[in-house]
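The values are calculated or read from the model by the stated rules, or taken from the named source; none is laboratory data. The shown structure was predicted, so the numbers you read here are calculated from the model rather than taken from an experiment. Because the Cβ atoms are built from the backbone with ideal geometry, glycine has one as well, and the counts that use them run over all protein chains shown. Each accessible area value is taken on the protein alone, full model and side chains, heavy atoms only, with ligands, DNA and RNA left out. Shrake-Rupley method; radii C 1.70, N 1.55, O 1.52, S 1.80 Å.
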Amino acid sequence: LAPVCWGLSVGMIRKVEEMAGMGLGLFICYLIGALFALWLFGLPRLSAFSRRYLFLGIPCAILCSLCFTTSLQISDGGRQTLEVGMVNYLWPSLTIIAAVLFNGQKARWYVAAGFLLSLAGLCLVLSGDEGFRPLETLHRMQANPLSYGLAFCGALAWALYSSATRAWGRGLNPTSLVFLIDAALFGGLALLGVIPGKAFAMEGILACIASGCVMGAAYAVWTLGVQKGSITVLAIASYFTPVLSCLFGALLLGATLSRGFWQGVGLVVAGSIICWIATLPPGAFRRRLRRRL
């Protein structure tokens, strides 16, 4: 469920901005997500968390939420929204890199090759219809550097959160706490006028409710999977999140995507899968493939 929810979230968050505004819209969105997570998991006791997770792990999840949603809100139109979403979807590869660096996950040398392949795919996505031309790609990013930069920071923060959850989470699910804090932050920024708002009708309210449920479900089931599920199954599924994101986003936002865009998405997915294979024990991938066949 997590990859499907992540795939839906890019287009839906952009719809929230268009129909309900960034300030009040995101406040309602995260409040709904918090209520949804409370219904699923309840509110965890702060004393149950380790101090390292409380002061290092959970803030990474909050930072990811802020960076991810803000990067989408300030993106310029449907195509750039999906490009920014693709920058954020470097997190599967970054999650594996973080596991190698911080969780003692063993990996072979070509984990670096997989990460570089994902970066190459991202460059292809950002290059547009004219093909990969570094200067033109840089010029496209300079038109809205904050949006792209926040998307990358969000991807890095999520990788660190996943690593911290595996190491210090103690099987607890902090999603409802994270979303309550996010709702309070966006609500406070909206009241102070830091984030602009707009008047919205019933369609905007429905967009906020739908987006809140999708994001709440995504965070909740991902955290549950990281702690108690099969990391292998979760990793394989997560690598197809960029494809689902582009499919759903194109439908929701009416964006036209070129062949080069889809080729770049394919490279990001392929690079992420190579990163995952690099972490498997010797011969494990061939054995699993034979069993499937």
The condition from (1) open to solvent by 20 Å² or more (accessible area, probe 1.4 Å); (2) part of a helix (DSSP H, G or I); (3) of a type outside the set (S, T, N, Q) that Leu72 misses is numbered (1)
Assess whether Arg51 counts as being without any contact (Cβ under 8 Å) to a residue 40 or more places away in the chain, more than 25 Å from Ala143 (Cα to Cα) and surrounded by fewer than 18 Cβ atoms within 10 Å (Cβ to Cβ).
yes
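For every residue, the table says whether it meets (1) at pLDDT 85 or above; (2) open to solvent by less than 60 Å² (accessible area, probe 1.4 Å); (3) closer than 23 Å to Ile74 by Cβ.
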| position | (1), (2), (3) |
| --- | --- |
| Phe186 | yes, yes, yes |
| Leu191 | no, no, yes |
| Ala199 | no, no, yes |
| Glu203 | no, no, yes |
| Ala217 | no, yes, no |
| Val221 | no, yes, no |
| Ala235 | no, yes, no |
Can you give me the number of residues within region 166-176 that are out of contact with any Ser or Thr (no Cβ under 6 Å at 6 or more places or on another chain) and either under 11 Å from Gly57 (Cα atoms) or modelled with pLDDT of 90 or more (or both)?
4
Test Leu43 against the stated conditions and say whether it is modelled with pLDDT of 80 or more, assigned to a helix (DSSP H, G or I) and either open to solvent by 20 Å² or more (accessible area, probe 1.4 Å) or at positive phi (or both).
no
Pairs returned, first residue in region 118-145 that is within 13 Å of Phe261 (Cβ to Cβ), second residue that is modelled with pLDDT of 70 or more and of a type in the set (S, T, N, Q), beta-carbon separation under 8 angstrom, 6 or more apart or interchain, are Gly121/Gln263; Leu124/Gln263; Gly128/Ser258; Asp129/Ser258
Can you name the residue in region 126-159 that is open to solvent by less than 20 Å² (accessible area, probe 1.4 Å) and modelled with pLDDT of 70 or more and, of all such residues, is farthest from Ile96 (Cα to Cα)?
Ser147
